[in-house]
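Inspection log for the structure reproduced underneath, given as structure tokens.
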Amino acid sequence: MNSRTDGSGLSSAPNDPHDPAPTRKRRRGRTFLKVTAFSIGGLVALVGVTLAVTSISNAVATSAEAKEIEPYGRKVDVDGKKMNVVVSGQGEQTIVLLPGFGTSSPALDFGPLTEKLDANYRTVVVEPFGYGLSDQTERPRTSANIVSEVHDALGELDIHRYALMGHSIAGIYGLEYANAYPDEVTAFVGIDSSVPTQPGMDDELPIGAMQAMKSLGLMRVVTDLAGDPYAGTPFTEDAKKQMTILSMRNSLSPTYVNETEHFSQNFHDAQRLTFPHDLPVLLFVQDDNTDVQGWMTLHEEQAASVDHGEVVPLKGEHYLHHTLSAEIAQGTQRFLNESR
């Protein structure tokens, strides 16, 4: 029998077809593949079962929460649908408030601020379609459409003279609004409001993935794990509950998604506009915003574009009105008095 010597000096024979060792190796290989396939299949099944559970739980919770929504405000007819509006305060001057993008319940969200403003003004919180208790809409979410709908809602209330106050993206819609209805708007007050030339507004959002997360119930899981988003704010527990419920209902709705799809075009369209030079403009701005390059400078340039413009830096989060409502109300009253 032929033999060879390995480095140890011991002889070894070539593979013998009758030797059981190769057979054992092949069997072990097949067993490993089976175990691996079984493990992967089990993992896939586990993921599938988990997603089925979260999806069902989300559907059940959404249905139950719909019965817990507490109505507020009044509905007005706009474009064949219902838009929710909340009017409060008894002052001679009127302030109309517009929310930032995706605000679950504008009326509740602005609550700490309207409570302060109501001592001196009549305040009107408009909940655009897709927000708060307002209906959804299939009408494209262009700035022009959003502005005309808000204007129609105010017309239904016989409100034709007012200062416009807006948070975040309402800075874009407010710019459109002030140019569309210059005879009605007496001033614009921005609360960390968006500016047409701010960077990053051409970035695409992973809307498809976000919608999938919501339908699978994962958005609810993430929300639950994230903790209280209103910690450190003056909101009551009931208000927090209502805002959470409405957030789960309204976020990633068809109206919400359509508005995100119009972000880029709405910002580009706004770049052709400036506030009327004789319109008083007051801008409360987060003074340590590091997320948007040149944030403060952009607002200073916008304020400088009108005859009576002012920037007030405030230390706080983007939703300045959650924790600094007293400062905003006092600054607004001073500015509007100076502008009369």
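Couple of notes before you dig in:
- DSSP-assigned coil residues among trypsin sites (Lys or Arg not before Pro) in region 134-214, each with at most 12 further Cβ atoms within 10 Å: R161
- Violating pairs (Cα-Cα greater than 23 angstrom) within the set K81/K241; K67/K241; K116/K240; K67/K240: K81/K241
- Estimated vicinal HN-Hα couplings, Hz - region 106-116 in sequence order (Karplus 6.51, -1.76, 1.60; Gly, Pro = x): x, 4, 6, 4, 7, x, x, 7, 5, 4, 7
- Were the residues from E301 through L273 laid out at 0.36 nm apart, the gain over their Cα-Cα distance would be 8.7 nm.
- Here's how it looks for L324: its modeled amide H is under 5 Å from none belonging to a residue 5 or more places away or on a different chain.
- Residues whose placed amide H lies under 5 Å from that of K82, excluding near-sequence neighbours: D135
- Within region 243-268: backbone nitrogen closer than 18 Å to the E65 label point (7 Å, Cα to C-beta): 243-257
- Phi-derived couplings, Karplus 6.51 cos²θ - 1.76 cosθ + 1.60 at θ = phi - 60°, listed residue by residue for region 121-129: 9, 8, 10, 10, 9, 9, 9, x, 3 Hz, with x used for Gly and Pro.
- Nonlocal amide H pairs with L314, under 5 Å, H built at 1.01 Å: V285, Q286, D287
- Using θ = phi - 60° and Karplus 6.51 cos²θ - 1.76 cosθ + 1.60, couplings along region 271-280 (whole Hz; Gly, Pro as x): 5, 7, 10, 9, 5, x, 4, 9, 8, x
- You can think of it this way: the chain between K241 and H308 has 20.1 nm of extra reach, that is 0.36 nm per residue less the Cα-Cα gap.
- Between E156 and N289, the simple spin-label model (points 7 angstrom out along Cα→Cβ) gives 3.2 nm.
Read-outs throughout are calculated quantities, based only on the coordinates presented, and are distinct from any laboratory measurement. Quick caveat: nothing in here was measured; it's all calculated off a predicted structure. Backbone-built Cβ (ideal geometry, glycine too); neighbour counts: all protein chains shown.
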